[in-house]
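The next block holds one structure in the form of C-alpha cells; read it before the comments.
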Amino acid sequence: MAAVLRREFRLVANALGGNGGLPLHVAARSLTRSSVRCDISEGWLKKLLVRKIEPTKESHSRMLSDKDIIYALHTQNIRPDSIDKYLANYEENVNLIHSKSELNCELMASWTVEVGDLDQALHLWQYKGGYEHVDYTQKVLSEDEDYQRLLKERGNYLRSRHLQYLLAFSYWPPLEKRNGSNKYEIRSYTLKPGTMIEWGNNWAKAINYRRNNNEPFAGYFSQIGRLYNVHHIWCYKNLKSRQETRESAWRQPGWDEYVAYTVPLIRKMQSRILSPTSFSPTK
C-alpha cells in the first residue's frame, strides 16, 4: 500500500518538476493547458479525496449488516508469567458458558498473538438474537457463582482488557470454522468518522480479489466500544502462504484501485498474527 502511494507521488513530482526542465511554478502553470491536468484530476488524486457521504435516515448498522447477530471481541493483555494459568482458566470459562444452552452464546474463535501485541489473547463470541440475548447472558452470568469465581481468578493473570460489540459486514463470506493448522491475521483499522459506508461500498467489491485459498475468515465493524473500528480477519496455512496470497492480489488488475480508494479513509491501522488456542473451535 505504501509502495503504491510512493509511486503515485513520484509521478506527480515528475509531472510538476520534470516538464522539460522548466521551473516548478512554470511547469505547474502549464498543466492548466495540457492533458496532464486531465489525467491527474481524473486519476489517482481523485481517489485521495474522501467523497461527501449523502445524509441517510438509515443507521450504518442496517446498511452494512443484514443479520441480527452480535459478536463480542474480547482483547485481553496477559501477565507474561501467567499465560498458562490464564489459558486454563479461560478454557474452564468457555466450558461453563457452553454448558448453559439457554444462553445461545457460542465461542467462535480463540487466539493468542504471535506477532504484534505479544502476551495478548483474543476471543470471539457470537450471540444469536441481538442485544436482547446479550443482556440475558450478562444477567445469568452475573448470578452464577462459578462464573464469578473464574472471573475474579482471571483478574490476577491480566494487565488490562477491552471488549467490543461488533456486527458482521453483509458482503463478507459466512464464517466457517477451519480445520488443520492455520495462522490468522487480524487487520484492524480506525476510520475517519462518516466514512464507514464508503469503506463498505469499496470492500464489497474488493473482497472478490481476496477469495483465493479461502482466506477471508471474518469481517466486522464496531458498534459499542472503540467506534469507527473495522476488523478484517484472514486465514492462511502459514506466513509463506500469506505472502504469496497477498502478492497474488496485487497482480490482479483493479486491486490497486480499491486500495487507493480506501487509504484516505484510514486514520490508523494495525496487523497482528494469531495462533489458535488449544480450545479454539477454529484451528
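Readers should treat all values here as calculations from the given coordinates under stated rules, not as data from a laboratory. Just so you know, these numbers come straight off a predicted model, no measurement behind them. Backbone-built Cβ (ideal geometry, glycine too); neighbour counts: all protein chains shown.
Some observations on this one:
- Surrounding net charge for TRP111, when Lys and Arg each add one and Asp and Glu each subtract one, Cβ distance under 11 Å: +1
- Our note on the geometry: Cα centres of the stretch 87-108 and the stretch 110-160, 9 Å apart.
- As a rough footprinting exposure proxy, the listed residues TRP255, TRP250 were ranked by other beta carbons within 10 Å of their own, and the order from fewest upward is TRP250, TRP255.
- Formal net charge of residues neighbouring LYS128 (Cβ-Cβ distance under 11 Å; K, R +1; D, E -1): -2
- Under 17 Å from a label point set 7 Å out along the Cα-to-Cβ vector of ARG246, the amide N atoms of the stretch 201-221 belong to 207, 209-218.
- Across the options LEU227, VAL140, VAL115, the greatest Cα extent toward the positive end of the charge dipole of the stretch 68-276 (unit charges at beta carbon of Lys, Arg, Asp, Glu) belongs to VAL115.
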